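Only one structure is covered here, and it is reproduced in the block below.
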Amino acid sequence: MSSSTEKVRSTKLKFKGDKPKKRKRKDRDEGGGSRDEDNDPQGTRPEYSALICDLDTRLSVAWVQPENPTQVLGPTFLVHPADPPTCIAYDSTRSRITFPALSTTEPVLSLTPNEVSHVWVTTRVAGSLTINLRTAEGKFLSCDAHGVVSADREARGPQEEWTPVILPDGMVAFQNVYEKYLGIDEVAGGSMQLRGDAENIGFGERFWVKVQSEYKKKAGEEERKKEGIVENQTIDEVGTNHKFQAWGAGRSVVSTQDKRDLKKARKEGRLTEAMLDRRAKLKSDRFC
């Protein structure tokens, strides 16, 4: 037998019945990088990458106005009430902030984004009042001590933090770490640029902000949890007994006592305890 044609056998000890382990391989594109790396070039969190990859399908969902600063969260649409109205966008091809004009045939409050570049992703560290605005490529909107605004930072720090301020008319202003306001400034030639050195809130520092309804709802739920407000619990004695205390053949037995006691317990915030007492009295022990 020729040793050159014989397959080299592994010397690893194996037992009869062991299943071979499958090697995990990442699908790679032509560029040589894995698809996960291409979707998340900055090495950001998986949930942020999934959100960015799904932005095209999320443009058609309901867009609403935030009622308080904590509701400025998730995909965000920033509109300046100029004539015609313009939105703050980011052109990834030229790596610069742009101000595309929007439709003038419909009211400003009914405008919604129609391109991914018009959307910023707002994130917030838990328990913080400040937010971070990120482009679809994961770059942070920042402002230095001289008021120069850019969107090319790959990591967040104090200069990438913004504090949303809800104005009485529903518009929003954004304050940076230097206690100056973000605004649109017209420069020579009629072009516009973002600045972050305004001392007061004027026309250029006011924006209509829209977020997706599901993120506004999510922010409201987190705020209610923080304040200790709990929604009304449902009284499902059949399902609860079946889950925690089932008899033979999966039977569920329900107490014959009046359910008004459960409604009273729910108002007092002790529904779970009351249902546990009712289940305990259903046991066969005569001392219960």
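Points worth noting:
- The test for being in a loop (DSSP other than H, G, I, E, B), at pLDDT below 95, over 21 Å from Val121 (Cβ atoms) and within 23 Å of the chain's Cα centre (by Cα) does not hold for Gly189.
- If only residues of region 132-148 that are surrounded by fewer than 21 Cβ atoms within 10 Å (Cβ to Cβ) and over 20 Å from the mean Cα position of the chain (by Cα) are counted, the one that is nearest to Arg94 (Cα to Cα) is Val148.
- Residues of region 72-101 satisfying the condition of being within 17 Å of Val211 (Cβ to Cβ) and aliphatic (A, V, I, L, M): Val72, Leu73, Leu78, Val79, Ile88, Ala89
- Some residue of region 113-128 being without any contact (Cβ under 8 Å) to a residue 24 or more places away in the chain, assigned by TED's automatic domain parsing to the domain that holds Asp152 and touching an Asp or Glu at 6+ places or on another chain (Cβ under 7 Å): no
- Residues of region 163-174 classified as outside any loop (DSSP other than H, G, I, E, B) and out of contact with any Gly (no Cβ under 9 Å at 6 or more places or on another chain), total: 5
- Leu129 being exposed (fewer than 13 other Cβ atoms within 10 Å of the Cβ), within 30 Å of Pro158 (Cα to Cα) and touching a strand residue (DSSP E or B) at 6+ places or on another chain (Cβ under 9 Å): yes
- Test: residue in region 222-239 that is within 23 Å of the chain's Cα centre (by Cα) and modelled with pLDDT of 90 or more: no
- Residue that is nearest to Gln65 (Cα to Cα), among those in region 95-107 that are in contact (Cβ under 8 Å) with a residue 40 or more places away in the chain and surrounded by 15 or more Cβ atoms within 10 Å (Cβ to Cβ): Phe99
The values are calculated or read from the model by the stated rules, or taken from the named source; none is laboratory data. Remember, it's a predicted structure, so these values are computed and weren't measured experimentally. Note that we place each Cβ from the backbone using ideal geometry, even for glycine, and neighbour counts take in every protein chain shown.
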